[in-house]
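**Q** Submitted below is the structure of interest, expressed as structure tokens.
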Amino acid sequence: MDKTDPFAGKELRATLKHCTPEEIRIPFSVGEDRSRTWLLRWQQGRLELKHDHRHEDGTPDDVTMYGGLASDSGSALQQSFPADAYTASLIPAAATNVWTLSLNEQGTELTYYLERDGKPRFKATLIRQ
């Protein structure tokens, strides 16, 4: 991360808050900003990742619910999610995004990785405490 990155120097925290057979909600905070939640759901026979962005009052942000369905090449420990058509229409620059979630074998580290145009854009490794 460079100094101009809005995440630079801020604590990144993800918490498994809600887990049912249908949905997993993982609030992701950047410093004091708690506007983000990663949603994992079973859709169309595949795992889906969506990014739910909310304002402090709980109303949806204009840019929310983007993401995609898992590709067929995933495993129990790693899944990649190419941007779906909704994401491409909402955020045209993100049409080539691929998000990857990886869990280490011990289940103690979750890595969130984003590529855009085939190049690294963001990576965070979150460690269970």
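The values are calculated or read from the model by the stated rules, or taken from the named source; none is laboratory data. Given the structure is predicted, the values throughout are model-derived calculations rather than measurements. Ideal geometry is used to build each Cβ from the backbone, glycine not excepted, and the neighbour counts take in all protein chains shown. Surface accessibility is based on the protein's heavy atoms, side chains included, excluding ligands, DNA and RNA. Shrake-Rupley method; radii C 1.70, N 1.55, O 1.52, S 1.80 Å.
**Q** Just to be sure I understand the filter: pairs with C-beta atoms under 9 Å, separated by 6 or more residues or on different chains, first member in the range 79-97 and over 17 Å from F122 (Cα atoms), second member β-branched (V, I, T). Which pairs pass?
**A** Close Cβ pairs satisfying both conditions: A88/T96; L90/V63; L90/T64.
**Q** If A70 passes every condition in (1) of a type outside the set (F, W, Y); (2) modelled with pLDDT under 95; (3) surrounded by 13 or more Cβ atoms within 10 Å (Cβ to Cβ) but one, which one does it miss?
**A** All conditions pass for A70, except number (2).
**Q** With respect to A93, determine if the residue is of a type in the set (A, V, I, L, M, F, W, C), crowded, with 16+ Cβ neighbours inside 10 Å and not in a strand (DSSP E or B).
**A** Spelling it out, it is not the case that A93 is of a type in the set (A, V, I, L, M, F, W, C), crowded, with 16+ Cβ neighbours inside 10 Å and not in a strand (DSSP E or B).
**Q** Next up: Give T64, T125, T108, T59 a once-over and let me know the one that is closer than 21 Å to S29 by Cβ and open to solvent by less than 40 Å² (accessible area, probe 1.4 Å).
**A** Going through T64, T125, T108, T59 in turn, just one is closer than 21 Å to S29 by Cβ and open to solvent by less than 40 Å² (accessible area, probe 1.4 Å): T64.
Here's the yes/no breakdown for (1) touching a residue at least 60 places away in the same chain (Cβ under 8 Å); (2) over 27 Å from P120 (Cβ atoms); (3) in contact with a Ser or Thr (Cβ under 7 Å, 6 or more places away or on another chain); (4) hydroxyl-bearing (S, T, Y):
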| residue | (1), (2), (3), (4) |
| --- | --- |
| E11 | no, no, no, no |
| K17 | no, yes, no, no |
| P21 | no, yes, no, no |
| S29 | no, no, no, yes |
| D33 | no, no, no, no |
| L39 | no, no, no, no |
| Q44 | no, yes, no, no |
| E48 | no, no, no, no |
| D57 | no, yes, no, no |
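**Q** Go through the range 7-30 residue by residue and tally those that are more than 15 Å from D52 (Cβ to Cβ) and open to solvent by less than 80 Å² (accessible area, probe 1.4 Å).
**A** 4
**Q** Would you check which residues across the range 85-129 are within 22 Å of A14 (Cβ to Cβ) and small (G, A, S) and list them?
**A** A94, S102, G107, A124
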